[in-house]
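Report on one structure; see the data block that follows.
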Ligand SMILES: Cc1ncc(COP(=O)(O)O)c(C=O)c1O
């Protein structure tokens with residue numbers, strides 16, 4: 001039985017007619033940029049997160065750039081960022097002339113810890129960017145207690161929450177989301193958002209997404225053209241009410257893996273203390289990830305090794321790459337993502353676990 005690495009189509013199938021009707025409505029209405037759908041989606045996302053402001057932007061990378069700038073980060077400032085993450089997390093720091101100061105992760109959770117962040121702080125650290133990698137939630141409050149504002153890169157953690165019911169993306173000074181189609185909340189193209197409880201910071205992001213202007217006539221900042229468009233916002237509005245149920249499906253999929261005995265064969269991702277992840281990707285660790293990959297490929301099971309070259313070892317990050325990050329290197333060497341989706345069945349999980357059990361690891 002082939003099992004895809006992720007499945008975005010099946011969860012959306014019941015919404016197909018509503019999505020098509022909504023797309024037609026927006027096309028016919030003729031308002032495509034910063035109109036009523038974006039306003040409504042921003043209000044609904046903010047309510048979902050339990051934070052006063054959500055601002056739609058063009059994608060998750062721009063969300064990071066705009067949030068960092070709105071937090072006052074500029075050329076020469078230091079921003080602590082993990083090395084074991086998607087490239088955009090550090091790229092957003094470097095593109096505004098700031099220095100990504102790479103910190104380590106705990107390979108068991110794939111997230112930064114207060115200890116790894118503390119070790120990376122400098123006298124010039126303006127912001128700590130934590131990444132809620134794979135849907136886990138980095139310990140924001142303990143990191144904020146170190147005294148530097150925390151920006152949450154929640155691109156992979158829409159729908160993840162803490163045990164006491166707060167959302168990833170509502171824990172730090174500001175947070176960012178990506179609505180890339182394969183994400184937990186995925187658009188039909190690019191999209192992103194910044195969320196914050198800080199009125200002034202929200203106002204700066206709103207200005208920065210529109211060329212640094214409040215009124216489209218006077219320009220107070222050198223900004224960007226980075227807007228979530230009406231069509232994406234309208235479609236995301238139809239999806240948002242289903243996000244929690246989809247995330248419960250992801251949690252159930254993780255439970256299927258556990259029940260099938262995967263934990264005896266490989267290291268399972270550990271939720272950070274006090275967090276209830278909606279696993280965006282289900283990433284296990286094994287001493288022979290390539291042999292596992294070959295076994296999966298032989299049975300039509302999707303898998304992927306996402307971050308085999310961590311960011312501090314990437315060519316473009318060479319100026320900031322001279323740092324020893326043993327947890328990151330271990331995660332990079334041993335990780336492999338296996339199928340995960342809101343609709344992954346017990347049988348599919350059993351098939352994946354059987355492939356691990358039968359793999360030729362000699
Ligand atoms: C952790 C992380 N940060 C940032 C991004 C960037 O988001 P986007 O692709 O929407 O620009 C992604 C998405 O791939 C991501 O996974």
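The values are calculated or read from the model by the stated rules, or taken from the named source; none is laboratory data. Just so it is clear, the model here is predicted, and its values are computed rather than measured. No Cβ is skipped: glycine too gets one built from the backbone with ideal geometry, and neighbour counts run over all protein chains shown.
In region 188-202, how many residues are within 16 Å of the ligand (Cβ to nearest atom) and either buried (at least 22 other Cβ atoms within 10 Å of the Cβ) or at pLDDT below 95 (or both)?
Taking region 188-202 first, the residues within 16 Å of the ligand (Cβ to nearest atom) are 188-195.
Now drop any that are not either buried (at least 22 other Cβ atoms within 10 Å of the Cβ) or at pLDDT below 95 (or both), which leaves 191-195.
Qualifying residue count for the region: 5.
Taking region 30-50 on its own, how many of its residues are assigned to a loop (DSSP other than H, G, I, E, B) and within 19 Å of residue 244 (Cβ to Cβ)? Let's see the steps before the verdict.
First pass over region 30-50, keeping only residues assigned to a loop (DSSP other than H, G, I, E, B): 30-32, 34-35, 50.
With within 19 Å of residue 244 (Cβ to Cβ) added as a condition, the list becomes 50.
So the answer is 1.
Being surrounded by fewer than 22 Cβ atoms within 10 Å (Cβ to Cβ), touching a residue at least 24 places away in the same chain (Cβ under 8 Å) and more than 14 Å from the ligand (Cβ to nearest atom) is the filter here; which residues of region 203-224 pass it?
206, 210
Can you find a residue in region 67-79 that is closer than 23 Å to residue 186 by Cβ and either more than 14 Å from the ligand (Cβ to nearest atom) or under 19 Å from the mean Cα position of the chain (by Cα) (or both)?
Pass one, region 67-79, residues closer than 23 Å to residue 186 by Cβ: 67.
Remaining after also requiring either more than 14 Å from the ligand (Cβ to nearest atom) or under 19 Å from the mean Cα position of the chain (by Cα) (or both): 67.
Yes, region 67-79 contains at least one residue that is closer than 23 Å to residue 186 by Cβ and either more than 14 Å from the ligand (Cβ to nearest atom) or under 19 Å from the mean Cα position of the chain (by Cα) (or both).
Considering only region 51-68, state which residues are farther than 14 Å from residue 227 by Cα and either without any contact (Cβ under 8 Å) to a residue 24 or more places away in the chain or not in a helix (DSSP H, G or I) (or both).
Taking region 51-68 first, the residues farther than 14 Å from residue 227 by Cα are 51-53, 68.
The answer is 51, 52, 53.
Among the residues of region 249-275, how many are under 22 Å from residue 111 (Cβ atoms) and without any contact (Cβ under 8 Å) to a residue 24 or more places away in the chain?
Within region 249-275, the subset under 22 Å from residue 111 (Cβ atoms) is 250-251, 253-255, 257-258, 262-263, 266-275.
Next, only the ones that are without any contact (Cβ under 8 Å) to a residue 24 or more places away in the chain stay: 255, 258, 263, 268.
Residues flagged as under 22 Å from residue 111 (Cβ atoms) and without any contact (Cβ under 8 Å) to a residue 24 or more places away in the chain within region 249-275 amount to 4.
Could we say that residue 15 is within 16 Å of the ligand (Cβ to nearest atom) and touching a residue at least 60 places away in the same chain (Cβ under 8 Å) here? Walk me through it before giving the result.
Details: within 16 Å of the ligand (Cβ to nearest atom): no; touching a residue at least 60 places away in the same chain (Cβ under 8 Å): yes.
So residue 15 does not fit the description; no.
So, of the residues in region 171-187 that are touching a strand residue (DSSP E or B) at 6+ places or on another chain (Cβ under 7 Å) and assigned to a loop (DSSP other than H, G, I, E, B), which turns out to be nearest to the ligand (Cβ to nearest atom)?
Let us first name the residues in region 171-187 that are touching a strand residue (DSSP E or B) at 6+ places or on another chain (Cβ under 7 Å), namely 171-179.
So of that shortlist, the ones also assigned to a loop (DSSP other than H, G, I, E, B) come out as 171-173, 179.
Numbers: 171: 16, 172: 14, 173: 17, 179: 7 Å.
This residue is 179.
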